[in-house]
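First up is the structure itself, then whatever we jot down about it.
The values are calculated or read from the model by the stated rules, or taken from the named source; none is laboratory data. Just so it is clear, the model here is predicted, and its values are computed rather than measured. Cβ placement follows ideal geometry from the backbone for every residue including glycine, while neighbour counts extend to all protein chains displayed. Quick note on the areas: whole protein, heavy atoms, side chains included, nothing else; ligands and nucleic acids left out. Shrake-Rupley method; radii C 1.70, N 1.55, O 1.52, S 1.80 Å.
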Amino acid sequence: MQIELWPAGGERRWRLVTDAVMGGVSQGTLQATEVGGRPAARMRGAVSTENNGGFIQIAMDLAPDGGAYDAGGFTGVSIEVSGNGERYGVHLRTTDMVRPQQSYREGFAAPPRWTVVHLPFVQFVPHRIETPLNITRLRRIGLVAIGRAFDADLSVARLWLY
(Lines give C-alpha, C1' and ligand atoms only; values in the text may rest on other atoms or scores of the structure.)
Protein backbone atom coordinates (compact mmCIF):
# COMPACT_ATOMS: atom_id res chain seq x y z
CA MET A 1 0.00 0.00 0.00
CA GLN A 2 1.22 3.50 -0.71
CA ILE A 3 -0.01 6.98 0.12
CA GLU A 4 0.49 9.87 -2.27
CA LEU A 5 1.77 12.99 -0.51
CA TRP A 6 2.14 15.24 -3.52
CA PRO A 7 0.51 16.36 -5.69
CA ALA A 8 -2.37 16.66 -3.27
CA GLY A 9 -5.62 18.55 -3.09
CA GLY A 10 -4.03 21.74 -1.83
CA GLU A 11 -3.41 20.74 1.79
CA ARG A 12 0.31 20.14 1.27
CA ARG A 13 2.48 22.65 -0.55
CA TRP A 14 6.16 22.97 -1.33
CA ARG A 15 7.92 26.10 -0.14
CA LEU A 16 11.40 27.38 -0.96
CA VAL A 17 14.01 27.74 1.80
CA THR A 18 17.57 28.98 1.22
CA ASP A 19 20.63 29.46 3.40
CA ALA A 20 19.75 33.19 3.50
CA VAL A 21 17.85 32.33 6.70
CA MET A 22 21.32 31.77 8.25
CA GLY A 23 23.26 34.51 6.45
CA GLY A 24 24.21 32.54 3.32
CA VAL A 25 24.00 33.87 -0.21
CA SER A 26 22.59 30.93 -2.19
CA GLN A 27 19.69 31.90 -4.43
CA GLY A 28 16.82 29.80 -5.70
CA THR A 29 13.37 29.76 -7.21
CA LEU A 30 10.40 27.42 -6.96
CA GLN A 31 7.94 27.22 -9.82
CA ALA A 32 4.87 25.11 -10.54
CA THR A 33 5.43 24.25 -14.20
CA GLU A 34 5.52 21.51 -16.81
CA VAL A 35 8.77 19.58 -17.30
CA GLY A 36 9.06 16.95 -20.03
CA GLY A 37 5.29 16.84 -20.40
CA ARG A 38 4.66 16.38 -16.64
CA PRO A 39 3.28 18.88 -14.13
CA ALA A 40 6.01 19.47 -11.56
CA ALA A 41 7.43 21.61 -8.80
CA ARG A 42 10.78 22.87 -10.11
CA MET A 43 13.58 24.18 -7.90
CA ARG A 44 16.39 26.04 -9.63
CA GLY A 45 19.19 28.17 -8.34
CA ALA A 46 22.82 28.69 -7.46
CA VAL A 47 24.17 27.02 -4.33
CA SER A 48 27.02 29.04 -2.82
CA THR A 49 29.24 28.11 0.11
CA GLU A 50 30.20 31.75 0.67
CA ASN A 51 29.32 33.39 3.98
CA ASN A 52 28.90 29.98 5.67
CA GLY A 53 26.08 29.05 3.30
CA GLY A 54 25.53 26.09 1.07
CA PHE A 55 21.93 25.08 0.35
CA ILE A 56 18.62 25.68 -1.33
CA GLN A 57 15.65 23.40 -0.76
CA ILE A 58 11.98 22.89 -1.29
CA ALA A 59 10.21 21.66 1.82
CA MET A 60 6.74 20.42 2.67
CA ASP A 61 5.02 19.84 6.00
CA LEU A 62 3.53 16.33 6.00
CA ALA A 63 0.61 17.07 8.32
CA PRO A 64 -1.60 20.03 7.32
CA ASP A 65 -1.22 21.57 10.80
CA GLY A 66 2.59 21.21 10.85
CA GLY A 67 2.46 18.55 13.56
CA ALA A 68 3.49 14.91 13.54
CA TYR A 69 2.65 12.58 10.67
CA ASP A 70 2.59 8.87 11.53
CA ALA A 71 4.42 6.98 8.76
CA GLY A 72 4.76 3.85 10.88
CA GLY A 73 2.95 1.70 8.35
CA PHE A 74 5.41 2.52 5.57
CA THR A 75 8.92 1.44 4.54
CA GLY A 76 10.22 4.60 2.89
CA VAL A 77 9.80 7.60 0.62
CA SER A 78 9.53 7.50 -3.18
CA ILE A 79 9.95 10.47 -5.45
CA GLU A 80 9.57 10.91 -9.19
CA VAL A 81 12.25 13.40 -10.18
CA SER A 82 14.05 14.90 -13.14
CA GLY A 83 17.13 17.07 -12.93
CA ASN A 84 20.46 18.15 -14.31
CA GLY A 85 22.45 15.03 -13.39
CA GLU A 86 23.55 16.38 -10.00
CA ARG A 87 23.18 14.73 -6.58
CA TYR A 88 20.54 16.02 -4.20
CA GLY A 89 19.31 15.04 -0.77
CA VAL A 90 16.07 14.13 0.92
CA HIS A 91 15.99 15.52 4.46
CA LEU A 92 13.42 14.33 6.96
CA ARG A 93 12.55 16.27 10.10
CA THR A 94 10.54 15.05 13.06
CA THR A 95 8.64 16.83 15.80
CA ASP A 96 11.49 15.86 18.17
CA MET A 97 13.95 18.28 16.53
CA VAL A 98 14.70 21.67 18.05
CA ARG A 99 17.53 23.01 15.85
CA PRO A 100 17.13 23.95 12.16
CA GLN A 101 20.28 22.08 11.07
CA GLN A 102 19.04 18.73 12.44
CA SER A 103 17.66 16.17 10.00
CA TYR A 104 17.84 12.60 8.73
CA ARG A 105 19.44 12.50 5.29
CA GLU A 106 19.70 10.32 2.22
CA GLY A 107 21.04 11.28 -1.21
CA PHE A 108 19.96 10.53 -4.76
CA ALA A 109 20.94 11.37 -8.32
CA ALA A 110 18.53 13.33 -10.52
CA PRO A 111 19.14 12.43 -14.19
CA PRO A 112 17.71 14.58 -17.00
CA ARG A 113 14.82 12.14 -17.56
CA TRP A 114 11.94 11.32 -15.24
CA THR A 115 13.08 8.68 -12.74
CA VAL A 116 11.47 7.07 -9.71
CA VAL A 117 13.74 6.89 -6.66
CA HIS A 118 12.90 4.70 -3.64
CA LEU A 119 14.54 5.65 -0.34
CA PRO A 120 13.98 3.23 2.57
CA PHE A 121 13.74 4.90 5.97
CA VAL A 122 16.53 2.62 7.29
CA GLN A 123 19.01 4.29 4.91
CA PHE A 124 18.49 7.81 6.30
CA VAL A 125 21.46 9.01 8.34
CA PRO A 126 21.07 11.32 11.36
CA HIS A 127 22.68 14.75 10.95
CA ARG A 128 23.52 16.73 14.10
CA ILE A 129 21.12 14.65 16.17
CA GLU A 130 21.69 11.44 18.11
CA THR A 131 18.07 10.41 18.47
CA PRO A 132 17.10 7.53 16.14
CA LEU A 133 14.62 8.34 13.37
CA ASN A 134 11.07 7.93 14.65
CA ILE A 135 8.87 7.67 11.56
CA THR A 136 5.72 7.98 13.66
CA ARG A 137 6.72 11.62 14.33
CA LEU A 138 7.64 12.88 10.84
CA ARG A 139 6.98 16.58 10.37
CA ARG A 140 8.64 17.77 7.17
CA ILE A 141 10.37 16.51 4.06
CA GLY A 142 12.84 18.57 2.06
CA LEU A 143 14.49 18.07 -1.32
CA VAL A 144 17.84 19.78 -0.99
CA ALA A 145 20.74 21.02 -3.10
CA ILE A 146 23.50 21.25 -0.50
CA GLY A 147 27.13 21.26 0.52
CA ARG A 148 29.01 22.52 -2.52
CA ALA A 149 28.82 25.32 -5.05
CA PHE A 150 26.77 24.25 -8.08
CA ASP A 151 23.76 25.15 -10.22
CA ALA A 152 20.70 23.25 -9.06
CA ASP A 153 17.81 22.22 -11.30
CA LEU A 154 15.50 19.65 -9.74
CA SER A 155 11.88 18.87 -10.62
CA VAL A 156 9.51 16.63 -8.69
CA ALA A 157 6.31 15.29 -10.24
CA ARG A 158 5.24 12.99 -7.36
CA LEU A 159 6.23 12.12 -3.83
CA TRP A 160 4.74 9.23 -1.84
CA LEU A 161 5.27 6.86 1.07
CA TYR A 162 5.49 3.16 0.28
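Miscellaneous remarks
- Here the gap between THR75 and ARG15, fully extended at 0.36 nm per residue and compared with their Cα-Cα distance, gives a gain of 19.1 nm.
- PHE150 long-range amide H proximity, modeled H, under 5 Å: VAL47
- For the listed peptides 91-97, 120-126, 33-39, a ranking on the average number of other beta carbons within 10 Å per residue, highest first, reads 91-97, 120-126, 33-39.
- For the peptides 55-61, 134-140, the ranking by packing is 55-61, 134-140, with the highest mean count of neighbouring Cβ atoms within 10 Å listed first.
- Computed over region 16-162, relative contact order equals 33 percent, with contacts defined as Cα pairs under 8 Å that lie 6+ residues apart.
- Accessible area of the chain belonging to carbon and sulfur atoms, whole % at 1.4 Å probe: 48 percent
- Derived scalar couplings ³J(HN,Hα) [region 76-81; Karplus, 6.51 cos²θ - 1.76 cosθ + 1.60; whole Hz; x for Gly, Pro]: x, 10, 10, 9, 9, 10
- Computed with a 1.4 Å probe over protein heavy atoms only, the accessible surface of region 1-118 comes to 50 Å² per residue.
- SER26 long-range amide H proximity, modeled H, under 5 Å: ASP19, ALA20, SER48, GLY54, PHE55
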